[in-house]
């Protein structure tokens, strides 16, 4: 282990240390959320700074199993932002329900380390460890509200299907290892290239491996028809957790796709293109159609998050069809989706400040009158999720569609399916707006006071949602660099 | 700083946004004067545009402003006007302040939010007309959607939520497909220029490309179909019109005025500005189909209007019929036809806007719009009935008023194109006079109905402030009726250049039809 290795893994190591540090802070000052949150936020800011600094130069560590490039940096910063926003949103929801903030924060920070490991993995084993490190805290978080039956139910479903899919995924990795004799991503790519170049058809072993890997990953990103765990897990989880689950692990799983499918399995692109196209089409369409009928906003957003997975898959399909813009679009969409979706969940969490308030549509009735500012911000997030300009969601969608149009053929048809879906999605997103602004409040209770942290987080999400739509230039350059790193 | 350096188009477009922000920051009672003030400032600025405009420069764009926006894709913040967009910008700014003034009475709840929505709506509409970058155009196009959705959905009638969601969904389906087409066209341009994105969204560059090498046939057909759908829904053409009566009936008066006066024109403008010059071959291919659809819309709108029991619905369906003349005039690909179509757009904006205001006036007093319940308004409210009659005659196309000129030019143009088409359209003009005058007869003449008697003293005649909203429209209708040359001078250049492009690209056969 050389000194350079330590420097290279610096941000990851710092995240692990931060998680430990927060645990200690909680031991020293038990049952106080202030110090915990302060330490975590300062720590996250420091890690972000460290990520930017170390990300200036590409490097590998530990004999080439850990790697830092522009993609790693971009994804790490996105994960850090997601976790930081979640930490800002959580206390307002957790405190009234008597749920401790410190453990929540620690679990979240451990999930962050897993996600960072995925984005930096240059080895299939590291990749898998990162995956598990990211999703296991997710199971804990889903069941964080122990006394709530729905939370427990959701957590168990999430856990069972999650570990099941992890096993399938691992099985697929075993096939790849068996065929190539290596777990290093670059070597796997090289050997697979040799294997595929001579053969006219895929060997049964490779086909099996691909099938298992695809299935495992499709579970993680909640692509249809592997999405069944999502609605229950999302609806049952405490709302800030749902917000996190709908973006963090999803972006993490896409990071895994980029490292595994785009890099390691690059030589079999043609084989998985058609799979991705079908997955994208069914995921968008089914996610949206089912979301249309939901009366619970959390559940509706769960299905809508499935649909958003579909839009991101359109970008992936465009890449598989030979357009690098597809990857850029996917990354841009990922960032845009994270902020607008987190923002929307933060508003739901704020509404549920009083324990016992459900997330049904009725909760939103007359919000525009009771709490106009929250209503306006929610409208902004919903418009962005719909893809109305000038918001981040619009530009993300336009970018993905542009890539799909460029790719042409079957992927071009995906572009048309995507926009028709976006129009259908407008119905259920705007239904919330109808409840907020066009119906009278159900009760005349005074609005609860929301914490400053929540407002701070909301303003950050709002600013990003608008800026990424109005001035997409800077982020375009960053995702461009990140996509080229995969090359 | 030179006067010509002032970015006046940016000012005209974004002054409403400044007003909206000011209203948001000020107390509720400031909302009305601030909104009216903003709209009038915008209007005055747009009149300066007219003063400094030189019609002699034909189809060229003036007051052009360019700034790089998303350099990676060559997307620009590019604004500019030619005669066509100028006319429509002024129509928009005029109807905007009139509508805001007309909302003072009827809108009594959430005034702040209403005025903010209205000003953002104005921003979007002006933006659509002045944008010279397809991406920017699309953004303004969508910006229009949200405030209109709120205006119908919050301040509308009983069935407003159904109407507003229908409006949004129809419009979104069309516009999102248009987005795909915009991106596909940009990509084709980029591919043809060796992967360079410069100009891929620039309207003038795209149009230059369409006029020289042209887009591939397949792309043209797809892109035209997508643009067509977006614009046809907005116009609305038969069979995409079903959202319109619902939206009109449920919208508050000012919403109806803007909807009929400006929003429908976005579609006609889109055809002339984008669909025709960018995809001329596809436009010619689709032309006959669109002419048939236009004729159906003209006939169908008139027949359905004839049997409407509700005043507002009658005016709404008459819009379908009148806008049919617009699409007919555009797609016969003749100078007179297209000039007539543009005049018809302006006149329809003025006249139908006024009719909706008038329906609003009577609704304010009676809370009813059923034709059968009215009768004898001429006796009870003589001034109102006289004004109503004036605008109805204008709508029916009485010579000397502006409604006549547009329809007449379209008819002349279509006669050159095909006597059969002209015959059908002329026949419907008679039908148009029939449903409007029959309605007027039932509402204004005869015995005073029991319903109106029951209202007693509530049924007052039209108030000065209401006349103030109608007077400018009436004056313009007379002026444009007597001196249509004022408008024709402005639009002749753009029309000729669009038709040149179409003719050059496709060498069309004029006498396709018997």
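Observations on the model:
- Eigenvalues of the alpha-carbon gyration tensor of the stretch A:421-487, scaled by 5 and square-rooted, set the equivalent ellipsoid semi-axes at 35, 20, 9 angstrom, largest first.
- Arranged from fewest to most other beta-carbon atoms within 10 Å of their beta carbon, A:226, A:394, A:381 become A:226, A:394, A:381.
- The stretch B:363-422-the stretch A:18-44 distance, computed between alpha-carbon centres (Å): 74
- Working from Cα pairs under 8 Å separated by at least six residues, relative contact order for chain B is 15 percent.
- Taking all Cα-Cα distances within the protein assembly as shown, those exceeding 57 Å account for 17%.
- The alpha-carbon atoms of the stretch B:178-219 define a convex hull whose volume equals 66 cubic angstrom per residue.
- Reciprocal mean inverse distance between Cα atoms of the stretch B:116-213 - Kirkwood radius, Å: 15.0
- Sorted by Cβ neighbour density within 10 Å, fewest at the top, the residues A:76, A:444: A:444, A:76
- Alpha-carbon centroid distance for the pair the stretch B:75-129 / the stretch B:436-459, whole angstrom: 34
- For the stretch A:268-487, the calculated P(r) over all alpha carbon pairs, in 5 Å bins from 0 to the bin holding the longest distance, is 1, 8, 15, 18, 18, 14, 10, 7, 5, 2, 1, 0, 0 percent.
- Considering the stretch B:7-119 at the alpha-carbon level, its Rg and Dmax are found to be 16.2, 49 Å.
- Ascending count of other beta-carbon atoms within 10 Å, so fewest first, for B:253, B:109, A:101, A:358: B:109, A:358, A:101, B:253
- For the stretch A:1-111, a Kirkwood hydrodynamic radius built from all Cα pairs, placed in the Stokes-Einstein relation at 37 °C and 0.692 mPa s, yields a translational diffusion coefficient of 223 µm²/s.
- Its Cα gyration tensor gives chain A an equivalent ellipsoid; the semi-axes, largest first and in whole Å, are 34, 27, 20.
- Against chain A, whose longest principal axis comes from its Cα atoms, helix A:473-486 is set at around 40 degrees.
- Rounded to the nearest 10 degrees, the angle from helix A:372-386 to the longest Cα principal axis of chain A is 30 degrees.
- Working note: Debye formula, equal point scatterers on the alpha-carbon atoms of the stretch B:287-514, no solvent; log10 I(q)/I(0) at q = 0.18 Å⁻¹ is -1.22.
- The C-alpha radius of gyration of the stretch A:357-399, expressed as a fraction of 2.2 N^0.38 Å, stands at 1.37.
- Estimated translational D of the stretch B:286-374 in µm²/s (Stokes, Kirkwood radius over Cα pairs; 37 °C; 0.692 mPa s): 236
- Cα centroid of the stretch A:74-119 to Cα centroid of the stretch A:408-477, whole Å: 22
- Taking only the alpha carbons of the stretch A:105-251, we obtain Rg and Dmax values of 17.0, 59 Å in that order.
- Radius of gyration, Dmax [chain B; alpha carbons; angstrom]: 22.1, 75
- Average 1/r across all pairs of distinct alpha carbons in the stretch B:222-361, invert it, and you get the Kirkwood radius: 14.8 Å.
- Restricting attention to the protein assembly as shown, close to 100% of DSSP beta bridges with both partner residues there are antiparallel.
- Dividing the convex hull volume of the alpha-carbon atoms in the stretch B:395-514 by its residue count gives 151 Å³ per residue.
Coordinate-derived values only; no laboratory data. Since we're looking at a predicted model, the values are computed, not measured. Don't worry about glycine lacking a Cβ; one is built from the backbone with ideal geometry, like all the others, and counts go over all protein chains shown.
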